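The values are calculated or read from the model by the stated rules, or taken from the named source; none is laboratory data. Remember, it's a predicted structure, so these values are computed and weren't measured experimentally. Here the Cβ positions follow ideal geometry from the backbone for every residue, glycine too, while neighbour counts run over all protein chains shown. Heavy atoms of the whole protein, side chains included, go into the accessibility calculation; ligands, DNA and RNA do not. Shrake-Rupley method; radii C 1.70, N 1.55, O 1.52, S 1.80 Å.
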2 protein chains.
Amino acid sequence: MARENVSGTVKVLVFDSYGTLFDMRGVTAACERFFPGQGADLGRLWRARQLEYTWLLSLMGRYVDFWQVTERALGFACRALRLPLADSARKGLMESHLRLEAFPDVKGALDALSGYRLAILSNGASWMLGEVVAHNGLERYFARLVSADEAGSFKPDPRVYNLAPSRLSVDPAEMLYVCGNSWDLCGALSAGLRGCWLSRGEDPWEELGFRPEATAGGLAELPELLGRRKGEADGHHAA
Amino acid sequence: MARENVSGTVKVLVFDSYGTLFDMRGVTAACERFFPGQGADLGRLWRARQLEYTWLLSLMGRYVDFWQVTERALGFACRALRLPLADSARKGLMESHLRLEAFPDVKGALDALSGYRLAILSNGASWMLGEVVAHNGLERYFARLVSADEAGSFKPDPRVYNLAPSRLSVDPAEMLYVCGNSWDLCGALSAGLRGCWLSRGEDPWEELGFRPEATAGGLAELPELLGRRKGEADGHHAA
């Protein structure tokens with residue numbers, strides 16, 4: 001159930017990728033294939049360090065791209081869990097990020113929202129975003145895949161969020177950022193973007209001093225939240 | 001066993017506080033007192049969010065001091081674990097940070113190292129550091145308690161590490177930062193400090209692109225690492 005409505009004109013919708021459009025559980029499944037019985041532990045620690053390294057390296061002013069961050073985090077996680085990491089496993093695990101599946105509600109929501117300009121704003125390197133979007137056959141929906149790499153820093157650095165209105169040439173007041181990670185949405189709100197929280201799981205909202213403009217339990221609720229009338233959608237349908 | 005020696009002149013030793021001098025397990029014990037059976041889970045989640053919030057708020061440019069960060073992280077952790085947080089519990093849990101016990105090797109090591117100028121560099125607010133140092137009767141050892149609050153940001157922001165040589169008026173080449181958290185030590189090394197890793201636990205070194213100058217398994221190894229002769233220590237004993 002949509003819990004609030006988005007007020008004011010929205011022309012552009014910008015989505016986070018990992019955890020918002022694409023299901024990170026594909027990484028855990030790959031961990032389980034290479035390390036049977038340890039997939040959950042490895043997946044959890046790898047993801048935790050992947051995020052932490054984005055924050056730490058950004059704060060240190062030592063940016064390296066998301067692929068390298070991901071590979072370093074994998075190396076740490078395997079050492080911490082005493083899992084020997086063969087080259088073939090490293091390759092397979094890393095590439096699982098390029099073949100994540102979109103959540104089941106993505107395709108239908110993007111179809112219903114195609115009257116808007118749509119884009120992605122992600123920590124992922126541009127080529128990583130291109131691959132996971134293509135893997136899911138979603139290329140035609142997005143006007144632009146914006147990568148944190150273009151700012152040389154990671155979320156929640158405001159320079160990353162500022163890329164979205166700048167690259168899409170849109171007034172931030174006419175843009176809505178949709179994100180499944182509440183820390184990330186807080187970063188966007190702090191940088192002056194408008195934001196809708198996609199609350200897919202059980203995690204409560206983070207205590208970072210910001211509140212979302214709206215909250216949706218799934219992407220299917222977005223059209224309703226945006227107060228969109230059916231006729232308008234049909235009239236503006238782009239392909 | 002000391003695994004390397006520190007080379008070159010060191011005149012000033014700067015210690016991290018939480019996890020280096022003071023044992024954070026005191027916080028977990030307080031969690032267990034207020035929420036029997038849930039202390040470990042609450043302690044773990046609270047500590048994780050406490051650190052994450054320091055990184056996120058610093059990157060967002062939304063610094064609030066460590067006491068407030070700690071209180072926000074507690075609020076999140078209790079909501080996530082569905083633990084009702086009464087005011088008395090909030091107060092007791094927060095204040096556990098002011099009454100952490102020093103690790104058993106701290107007092108002896110500080111005595112053995114008192115020929116050096118000693119200081120603390122911590123995320124903790126100055127008054128929090130003052131309280132925990134006083135609780136352990138360690139005031140006389142430290143020339144200065146340097147707080148991240150003086151930089152308005154948290155580790156690993158280089159501005160925090162730069163406070164140490166600046167506030168202590170020492171050349172970074174003559175200062176050694178001693179820290180139990182490898183991400184923190186990486187931040188210090190990245191900012192141009194010299195660093196010794198105090199490896200108290202099982203966690204491997206983080207993959208953040210830096211290596212420590214030396215590694216010690218406990219503070220008692222520091223004098224040996226510093227290549228200090230007994231006579232020299234006796235001759236320069238201060239306080």
Report the calculated FRET efficiency for B:R211 and A:S114 (r = Cβ-Cβ distance, R0 = 60 Å), to the nearest 0.05.
0.75
Solvent exposure ordering (accessible area, 1.4 Å, most first) of A:L193, A:L45:
A:L45, A:L193
Measuring from the longest principal axis of the C-alpha atoms of chain A, the long axis of helix A:158-168 (C-alpha) lies at a number of degrees, nearest 10, equal to 50
Residues with amide H under 5 Å from that of A:A216, placed H, sequence gap 5 or more
A:W197, A:L198, A:S199
As an exercise, use a Förster radius of 35 Å and the Cβ-Cβ distance of A:T9 and B:Q68 to find the FRET efficiency, rounded to the nearest 0.05.
0.45
From the helices alone, meaning DSSP H stretches of at least four residues, give me the mean residue ellipticity at 222 nm for chain A, per-run term -39500 (n - 2.57), in deg cm²/dmol to the nearest 500.
-13000 deg cm²/dmol
homo-copy label distances at A:A173 (7 angstrom along Cα-Cβ), nm, one dp, ascending, are 5.6
The computed P(r) of segment A:80-239 puts the percent of Cα pairs beyond 21 Å at 53
Counting alpha carbon pairs within less than 8 Å and at least 6 residues apart, what relative contact order, in whole percent, applies to segment B:102-238?
23
In degrees from 0 to 90, rounded to the nearest 10, what is the angle of the helix B:66-80 Cα long axis to the longest principal axis of chain B?
40
Sorted shortest first, the nm distances from the A:E139 label point (7 Å along Cα→Cβ) to its counterparts in the other copies are 7.1
Peptide B:78-91: average number of partner chain Cβ atoms within 10 Å per residue?
1
Teacher prompt: A:R82 distances to equivalent labels in other copies, 7 Å Cα→Cβ, nm:
3.6
Segment B:67-107 - Rg (one decimal) and Dmax (whole number), Cα, Å:
12.8, 39
Can you run phi through the Karplus equation (6.51, -1.76, 1.60; θ = phi - 60°) for segment B:55-65 and list ³J(HN,Hα) in whole Hz, with x for Gly and Pro?
5, 5, 5, 5, 5, 6, x, 10, 4, 10, 6
Along Cα→Cβ, 7 Å out, is where each label goes; now give me the distance between the ones at B:R82 and B:E150 in nm to one decimal.
4.7
Chain A - percent relative contact order, Cα under 8 Å, separation 6 or more
28
Tell me, what is the per residue accessible area of the protein assembly as shown in Å², probe radius 1.4 Å?
40
Calculate I(q)/I(0) for the protein assembly as shown by the Debye formula, one identical point scatterer on each C-alpha and no solvent, and give its log10 at q = 0.07, 0.11, 0.13 Å⁻¹ to two decimals.
-0.41, -0.95, -1.23
Helix A:126-135 versus the longest principal axis of chain A: what angle, 0 to 90°, nearest 10, using Cα atoms?
80
Closest-to-axis residue of chain B (Cβ criterion, axis taking B to A), whole Å:
B:W55, 2
